[in-house]
1. Conditions: (1) under 18 Å from Leu263 (Cα atoms); (2) within 16 Å of the ligand (Cβ to nearest atom); (3) exposed (fewer than 15 other Cβ atoms within 10 Å of the Cβ); (4) of a type outside the set (A, V, I, L, M, F, W, C). Thr32 meets all but one. Number of the miss?
2. Please go through segment 217-235 and pick out each residue that is in a helix (DSSP H, G or I) and within 16 Å of the ligand (Cβ to nearest atom).
3. Within segment 35-82, how many residues are without any contact (Cβ under 8 Å) to a residue 12 or more places away in the chain and crowded, with 20+ Cβ neighbours inside 10 Å?
4. Of a type outside the set (A, V, I, L, M) and within 16 Å of the ligand (Cβ to nearest atom): which single residue out of Gly56, Gly64, Gly90 fits that description?
5. Just name the residue that is farthest from Asp61 (Cα to Cα) out of those in segment 316-342 that are surrounded by 18 or more Cβ atoms within 10 Å (Cβ to Cβ) and among the small types (Gly, Ala, Ser).
6. Taking segment 251-285 on its own, how many of its residues are within 16 Å of the ligand (Cβ to nearest atom), part of a helix (DSSP H, G or I) and in contact with an Asp or Glu (Cβ under 9 Å, 6 or more places away or on another chain)?
7. Would you mind telling me which numbered condition in (1) within 30 Å of Val89 (Cβ to Cβ); (2) surrounded by fewer than 22 Cβ atoms within 10 Å (Cβ to Cβ) Thr354 fails?
8. Do you know which of the residues in segment 286-313 that are among the β-branched types (Val, Ile, Thr) and not in a helix (DSSP H, G or I) is farthest from Gly69 (Cα to Cα)?
Amino acid sequence: REAETRFIELHPESQRLHKLSLDSLPGGNTRTLLHTSPFPIFMRRGKGSELWDEDGNKYYDLVGELSAGLYGHSNPTLQKVLTETVQDVGLSLGATNVYEQRYASLLCERFGLERVRFTNSGTEANIHCLAAARKFTGRRKIIVFRGAYHGSVLSFGSGVAENNIDQADWVLLQYNDSEGVREAFSQNNDVAAVILEGIQGSGGFISASPEFLRTVREESEKRGALMILDEVMTSRLALGGLKETLKIRPDLITLGKYLGGGLPFGAFGGRGDIMDVFNPLTRGALAHSGTFQNNTLMLHSGYAGLSEVYTAEVVQSLNALGDGLRQRLQQLFAGSKLCVTGQGSLMCVHITKTRLRAEQITCQDDVTAIEAVDLKQLFWLELVNAGFWVQKRGTITLNIAMSTTALDAFVEAVEEFCKKHRSLILV
Ligand code: PLP
């Protein structure tokens, strides 16, 4: 109550704007994930790793636009290239252009792909990837994992979401269940692909075990199905994406988020023989179109970001920043219901029923305690009131503009939360 009263006092303008939005947007909302109670905060602007809301409150941005905000707000390199592109090149040209060849070539080199195609979002990248797998194998079924998020119409958070496409064709398994994968293949001889995240991002940054990934790779290969690794969130974790760290060779991968340099983006690619299902020179090729998928702003900003800003050294330092933060939080949470999972700059604070260490969390069922809902809301309210922009479900993604001062302040605020609500968080 006290935290909510404070929240309402601090955000009168957000409350007013929310009421206004109810007239034109369902629930005042256009991104379900951003809906919060008692009302959402309306942000006005961002700079570096900071945000200001419509009431003039300042926040350190730990949401990082769900990992798409890797460069921070108003990165000078991206700002310059975007301004120059508007001035000198123009917006979408409605024609093939050299900028798409240049960025495609960089993505292929960086992520070890033979061929790549652009889309407008990670969701679309996954949809087209699944279409490619079906066309290439001539099969229908797709193995997916509970807790997976491959985009808004490809969400497997708690069972198959009602807005999922082609519901009948999914084989839904538990994440990290190798035996389940073997069994599913032995019971279904028409599996086109297995699609999975190396770390379930929206599911709470839960890592796949090396053994599980090996099983998926071996079983799919043995049964003539494709392995699709969704790297929409995880491609930032190593120069060549998480698959480089995992030492795994998926047939196709999907990309998104920060790789658009701040603009809407998705891409998918991998083996040339599979990607050739989109080759318009061959008979019966799959069509894959989208008005903005070779737009000049994204192609310039994405290219500049990846080639000039997110270099090998920056990948390393961002990972180290995240690893350091997670270690400090882990120490704070020792002996409590709180726990933090993740890798590098991607992490999630969980509130579990019993005391769990990060390594004990292997699937979403481990972290969906109904009893924790109120505590999660309290955690969110207290941190937002203290000037830290975090996500209500506990996801944190860091950006390269983040200072250690900001993270020190964040750890202090979390420590304050733990002290103040000690009786609630102890098991
Ligand atoms: N795949 C993963 C792993 C994601 O985390 C997301 C978005 O959060 C998507 C796909 C969908 O990307 P987009 O929101 O660009 O459609």
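1. Condition not satisfied by Thr32: (1).
2. Matches in segment 217-235: Thr234, Ser235.
3. 0
4. Gly64
5. Gly342
6. The qualifying residues number 2.
7. Unmet for Thr354, out of (1) within 30 Å of Val89 (Cβ to Cβ); (2) surrounded by fewer than 22 Cβ atoms within 10 Å (Cβ to Cβ): (1).
8. Thr291
The values are calculated or read from the model by the stated rules, or taken from the named source; none is laboratory data. Keep in mind the model is a prediction, meaning the values are calculated, not measured. Every residue, glycine among them, receives a Cβ derived from its backbone with ideal geometry; neighbour counts consider all protein chains shown.
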